[in-house]
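Here's the structure we're looking at; comments come further down.
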Amino acid sequence: MDTEPSFVAVLGAGPAGLMAAETIAAAGHAVRVYERMPSPARKLLMAGRGGLNLTHSEPLEAFLTRYAEAMPALAPAIRDFPPQALVAWAEGLGQEMFTGSSGRIFPRALKASPLLRAWLARLESQGVQLLPRHEWRGFTPEGGLRIGAPSGQKVLHPAATVLALGGASWPRLGADGSWAEAMAGVEMRPFRPANMGFRVGWSEIFRRKFEGTPLKRIALSFGGRSVRGEAMITAEGIEGGAIYALSAPLRDAIAAQGHAMLALDLRPDITADDLARKLDEGRRGQSLSTFLRKAANLSPVAIGLVQEALHQGDQRPLSAIVKALSLRLEGVQGLERAISSAGGIALAELDEHFMLRARPGLFAAGEMLDWEAPTGGYLLQACFATGRAAALGAAAWLKGKAG
Ligand SMILES: Cc1cc2nc3c(=O)[nH]c(=O)nc-3n(C[C@H](O)[C@H](O)[C@H](O)COP(=O)(O)OP(=O)(O)OC[C@H]3O[C@@H](n4cnc5c(N)ncnc54)[C@H](O)[C@@H]3O)c2cc1C
C-alpha cells in the first residue's frame, strides 16, 4: 500500500487533469497523474485536427450564458480563469494566438501538439509524474484508489484526489464514461451525445452524390433560435458547426417526439421578397437545377436538398422552400462521434471548490461533470477552468487539514 501522505493524485490526463496537475504542483504539492491510455490528452490532440478552438472572445457575461443551467456552478471558476487568462496561459507556453472572424480563439499553429509538448515539458519541470497505462478501477472499501498498471494492480492513498476522467464521447480516445460505475452514492446524470450530428433519411441518389459535401453559408432555425454557419452532409444525415449549435434542443425534441423539424435557409443573405422575385416568375424552359443555380445562385448540394424536398411532396413556392427548407431529423448520432457529452456527475454533488460533498478530499473537473455547451471554445474553457478550480480547492483543503 502506498502511504505517502503528501502526494495528490490526478486521474485522467486530458486538459482538465493536466491543468489540475499544473495548479497543484504550483501550490507546492507532489502530483501524480494516472492515465489509462499509452499517452496523454488524446482528445485534445484530436480537437486540434480541425483547428484547436481554445476559447472565445465574446464578452464574459455572454460567454457564461453558453453553459445554460450549469452557468451558476461553472461561472465562478470561469470568472477566476477567464478566456483572457487562458489565452495568456497558452501564450506563456509559446503559442501565438489569434481571434478568427467568428470571435473564436485559436493558436496560430491551429494544432494542439505544439501546445501539448510545451505543457508536458512544463509539468515535468514542476516535478509532476505522469503515469500512462495506469487505469483507475474504483475505490477500495476504505476509500483507496485501485489502479491497474502494467506492473499489476495497486492501491493508492493520496492526500487528495482530482478526478478528471472526461465524458463519454469518442470513447476510443480514452474517456468512455466507464468510471461512472465506481461512483456509487454519487448522483449521476445519464450520458447523452452533445454537439453531434443527426440522422436524416436521404434518398439513395442524394446520399451517393453529396455524402461528405459541405453546405456553406446557411442559416438554421429551430425552437425560436437561428444560427448561421456551415453543415456537412454525411451518409447517415447531417453534422457540423451550425448543427452542433442547435444540437441540445434538437436532441431533446427527438427524445420527446421521435423526430425534429429543422428549418434551413439556403440563401440567408437575400430577403424572402427578393428571392421570390427571382424565383417565382418561372423557369422558362430551363431544367430545375439550372434555374436554381442561375436565378438563386444555389450550390449543387443546396439544389439537391430542394429536389429532395420536392420529391417528398413539399408544394410551397420554390422561394419558400429555399428560405425555409424543412429537414426531418429522425435520430441522434451516437456518442462515438459526438464532440462532447452531456451528463455525468450532478453538479449539486459538488461544493463550490468542486469537492464531492459525500467524499471529502475527492474533487472532480472537466467534461465528467454534468454540463454542456456549444462548440466555439466553451468546452475547453470550462475544462481548463474547472481543472484549475478543483486543484485550488484541493490545495486549500489540504492546507486546512494541515493546520
Ligand atoms: C473531434 C473533437 C473536436 C473537438 N474540438 C474542440 C474544440 O475545438 N474546442 C473545444 O473547446 N472543445 C473541443 N472538443 C471537446 C474537448 O476536446 C473536450 O471537451 C475536452 O478534451 C474534455 O477534457 P477533459 O479533460 O474533461 O476530458 P478528456 O480530454 O476526455 O480527458 C480525460 C482523460 O481521462 C482518461 N481516463 C478515462 N478513464 C480513465 C480511467 N479509468 N483511468 C485513467 N484514465 C482514464 C482518458 O483516457 C483521457 O485521457 C473536441 C472534441 C472532439 C472529440
In the stretch 12-36, what residues are crowded, with 24+ Cβ neighbours inside 10 Å and of a type in the set (D, E, K, R)?
-> Glu35
Scan the stretch 228-250 for residues that are outside any strand (DSSP E or B) and farther than 25 Å from Ser101 by Cβ and report the count.
-> 5
Turns out the strands (runs of 3 or more DSSP E) fully within the stretch 284-403 with at least 1 residues that are more than 16 Å from the ligand (Cβ to nearest atom) and under 22 Å from the mean Cα position of the chain (by Cα) are 325-329
Write out, first by first residue and then by second, each pair whose Cβ atoms fall under 6 Å of each other, whose residues are 6+ apart or on separate chains, and whose first residue, in the stretch 159-173, is under 21 Å from Phe139 (Cβ atoms) while the second is part of a loop (DSSP other than H, G, I, E, B) and more than 9 Å from the ligand (Cβ to nearest atom).
-> Ala159/Pro5; Ala159/Ser6; Ala160/Gly361
Given (1) part of a strand (DSSP E or B); (2) more than 9 Å from the ligand (Cβ to nearest atom); (3) out of contact with any Phe, Trp or Tyr (no Cβ under 8 Å at 6 or more places or on another chain), where does Arg172 come up short, assuming only one miss?
-> (1)
Could you grab me the full set of residues in the stretch 96-125 that are in contact with a Phe, Trp or Tyr (Cβ under 9 Å, 6 or more places away or on another chain) and either closer than 12 Å to Ser57 by Cα or polar (S, T, N, Q) (or both)?
-> Met97, Phe98, Thr99, Gly100, Ile105, Phe106
Given the residues Lys209, Lys216, which is the only one that is in contact with an Asp or Glu (Cβ under 7 Å, 6 or more places away or on another chain) and surrounded by fewer than 18 Cβ atoms within 10 Å (Cβ to Cβ)?
-> Lys216
Check whether at least one residue in the stretch 44-52 is surrounded by fewer than 24 Cβ atoms within 10 Å (Cβ to Cβ), near the ligand (Cβ under 7 Å from one of its atoms) and free of Cβ contacts under 8 Å to residues at least 40 places away in the same chain, and report yes or no.
-> yes
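Here, each number is a calculation from the coordinates, and none is a lab measurement. In this text, all values refer to a predicted model and were calculated from it rather than measured experimentally. Cβ sites come from the backbone with ideal geometry, for glycine too, and all protein chains shown count toward neighbours.
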